[in-house]
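The values are calculated or read from the model by the stated rules, or taken from the named source; none is laboratory data. Predicted, not measured: the structure shown is a model, and the values here were computed from it. Please note: Cβ atoms are built from the backbone with ideal geometry, for glycine as well, and neighbour counts cover all protein chains shown. These accessible areas exclude ligands, DNA and RNA; they are computed on the full protein's heavy atoms, side chains included. Shrake-Rupley method; radii C 1.70, N 1.55, O 1.52, S 1.80 Å.
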Amino acid sequence: MTFGDHIREVREQRRRESTAFSVRQVAQRIEVEPAYLSKIERNLVPPPSERTIRRLAEELHEDPDVLLAMAGKVSLDLQEIIRRRPRRFAELLRQLREAPDPALSRLVREVRDGDW
Amino acid sequence: MIELNRETLRFRFPEVHSEANCSIEFQRTLRIPDDNNSHPLPPGLGTFPLLHVDDFADRLPADWSRHGGVFMPMYQAEALWILFSGGYPMAVKVAAGKIDAISGLPFRNELTAKPQDYAVLPDQPWLDGFCVQEGLIRQFVAMPLGQGYTAEEQITGVAEHGGLQLVVYPMKAAEYERRLRPGEAGVAYADYGVAPQAVADMGLAPGGLMRQQIYEDEHGLDAWEQDVRSRCFVHLLNSATFRQVTGAAPPHEPPTADDYDRCGLPWFDYYDGDRETLAGAKPLARLDSVAARKVKEGEEPRTDDGGRPKQPRRILKLVPDRNLVREGCF
């Protein structure tokens, strides 16, 4: 499914619950022209900027990282993380490419509890 | 286990139940007038940034490394409230400077039923301060350690710990399945070069009075998985030194309550009449608020310590719901 198809599907789903999710109203809230949002949904233009994708994610209660990935983008904060230690993160990501989800969730950094 | 996900502490207990998780955030807010009148709940003005102590250990006091946990920037006399989210029942202990914010007793890791020294999630959506009386709290206000304002110093006479301490206990899985699982029978829940010693530690002092109920535990002590807990020490770094330690700018100073109210923005009242509430802790009721202490010390209170003659212009009444919104904007 393309980025545009997904946005359209999610927005339409929400519009069935509330008219506040018409193309016009959503476009207004994320500060783009309704015609532009309509073109995005019909895959007539490439996916929008990261800023607009983040606004769409917030508006449609979607995960911004997932939407960015569907748009073929990597968020600026993730790019910055990789740029700071490119070798280590490249190595890490390649090693984890095939790791199952439970293994990935065990890699999450924990907040350390100390002596108090 | 506890993860720091951007500005949210996520507590998970997969060893107890796959759904056993909750989130805790620290909300920036207005400092309510410290005038001994009770005020409605102030809004959330966004979350405080949270950072791992370990990432800045060389620029922070050695004690902070020993404690572990996270830190966040607060301006002197800035207020906060704690936002709890999640549907799985949890017992949460909150202490300031290792003084329990609910019972007023010295902090211990374990849960105590009498007096109850923990809040019960998801019934308790937030905690704004020290529980001083039934239905009344004194707002959490950041003050430097060593000047006698914090609850810790007023109760113990010593400025030793500062910060906030959290301990979370999940409900036993069997209890959850039997009584509370949503949809089944039971209750429906709706490089910067700062010398470490230059970093001023802060603690939480009691500020103005606010209307907030702390709910009694309806499940009983046996409902909680007391062999499993997660603890987090949340250090408070004076915003004036935040940039020197982290290189990042601290959030801007919050507006005053007067400024906020003048703009016609809302305050909040939240009341769940169906639940029993705690009576308030005597040791906490005896504490001097920041303004009262300043008067005793012969200092001038801050201009926003003096109170406002008028009631807030807009008060929104909130009812128990799983998706409570208490957002402010300014």
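Which strands (runs of 3 or more DSSP E) does segment B:1-97 wholly contain that include 1 or more residues that are closer than 23 Å to B:Ile315 by Cβ and in contact with a Phe, Trp or Tyr (Cβ under 8 Å, 6 or more places away or on another chain)?
Values: elements: B:2-5, B:8-12, B:21-29, B:70-74, B:79-85, B:90-96.
Answer list for segment B:1-97: B:21-29, B:79-85.
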Please determine whether any residue of segment A:42-58 is within 29 Å of B:Pro14 (Cβ to Cβ) and either in the same structural domain as A:Val23 (by TED's automatic domain parsing) or assigned to a helix (DSSP H, G or I) (or both). yes
How many residues are out of contact with any Phe, Trp or Tyr (no Cβ under 7 Å at 6 or more places or on another chain) and either closer than 27 Å to A:Gly4 by Cα or assigned by TED's automatic domain parsing to the domain that holds A:Glu12 (or both) if we restrict to segment A:68-100? 12
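From the residues in segment B:148-162 that are in a loop (DSSP other than H, G, I, E, B) and surrounded by 23 or more Cβ atoms within 10 Å (Cβ to Cβ), which one is nearest to the other protein chains (Cβ to nearest Cβ)?
The initial filter retains those residues of segment B:148-162 that are in a loop (DSSP other than H, G, I, E, B), namely B:148-150, B:157-162.
Adding the requirement that they be surrounded by 23 or more Cβ atoms within 10 Å (Cβ to Cβ) leaves B:149-150, B:161-162.
Numbers: B:Tyr149: 21, B:Thr150: 16, B:His161: 7, B:Gly162: 11 Å.
Looking at the filtered set, the residue picked out is B:His161.
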In segment B:1-22, how many residues are within 14 Å of chain A (Cβ to nearest Cβ) and open to solvent by 20 Å² or more (accessible area, probe 1.4 Å)? 12
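Kindly indicate the residue of segment A:71-81 that is closer than 28 Å to A:Arg8 by Cα and of a type in the set (A, V, I, L, M) and also surrounded by the fewest Cβ atoms within 10 Å (Cβ to Cβ) among those meeting that condition. Working first, answer last.
Here is the first cut: in segment A:71-81, the residues closer than 28 Å to A:Arg8 by Cα are A:71-79.
From the residues that got through so far, the ones that are of a type in the set (A, V, I, L, M) too are A:71, A:74, A:76, A:78.
Values: A:Ala71: 22, A:Val74: 14, A:Leu76: 11, A:Leu78: 13.
Going through the qualifying residues, I end up with A:Leu76.
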Of (1) touching a helix residue (DSSP H, G or I) at 6+ places or on another chain (Cβ under 7 Å); (2) more than 14 Å from chain A (Cβ to nearest Cβ); (3) open to solvent by 10 Å² or more (accessible area, probe 1.4 Å), B:Cys131 satisfies every one except (3)
Restricting the first residue to segment B:214-240 and requiring it to be under 17 Å from B:Ile82 (Cβ atoms), which pairs with a second residue that is basic (Lys, Arg) meet a Cβ separation below 6 Å and a spacing of at least six or different chains? B:Tyr215/B:Arg275
Checklist (1) more than 14 Å from chain B (Cβ to nearest Cβ); (2) surrounded by fewer than 17 Cβ atoms within 10 Å (Cβ to Cβ); (3) of a type in the set (A, V, I, L, M) applied to A:Val108, failing item: (1)
For segment A:82-97, does any single residue satisfy the condition of being among the acidic types (Asp, Glu), on the phi < 0 side of the Ramachandran plot and either under 12 Å from the mean Cα position of the chain (by Cα) or crowded, with 17+ Cβ neighbours inside 10 Å (or both)? no
Are there any pairs with C-beta distances below 9 angstrom linking a residue in segment A:52-65 that is farther than 15 Å from A:Leu37 by Cβ to a residue that is among the acidic types (Asp, Glu), with the two at least 6 apart or on different chains, and if so which? A:Pro64/A:Glu50; A:Pro64/A:Glu58
Taking into account only those residues within segment B:84-106 that are open to solvent by 30 Å² or more (accessible area, probe 1.4 Å) and within 14 Å of chain A (Cβ to nearest Cβ), which is nearest to B:Gly163 (Cα to Cα)? B:Lys98
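What's the total number of residues in segment B:231-252 that are aliphatic (A, V, I, L, M) and open to solvent by less than 20 Å² (accessible area, probe 1.4 Å)? Working first, answer last.
Restricting attention to segment B:231-252, the residues satisfying the condition of being aliphatic (A, V, I, L, M) are B:234, B:236-237, B:240, B:245, B:248-249.
Now drop any that are not open to solvent by less than 20 Å² (accessible area, probe 1.4 Å), which leaves B:234, B:236-237, B:245.
The qualifying residues number 4.
Give the number of residues within segment A:59-70 that are under 14 Å from A:Arg8 (Cα atoms) and either in a helix (DSSP H, G or I) or modelled with pLDDT of 95 or more (or both). Break it down stepwise before answering.
We begin by selecting, within segment A:59-70, every residue under 14 Å from A:Arg8 (Cα atoms); these are A:59-62, A:67, A:70.
Next cut, either in a helix (DSSP H, G or I) or modelled with pLDDT of 95 or more (or both) only: A:59-60, A:67, A:70.
Result for segment A:59-70: 4.
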The condition from (1) surrounded by fewer than 18 Cβ atoms within 10 Å (Cβ to Cβ); (2) within 12 Å of chain A (Cβ to nearest Cβ) that B:His67 misses is numbered (1)
Identify, please: which residue in segment B:40-64 is touching a Gly at 6+ places or on another chain (Cβ under 8 Å) and open to solvent by less than 10 Å² (accessible area, probe 1.4 Å) and is, among those, nearest to the other protein chains (Cβ to nearest Cβ)? B:Val53
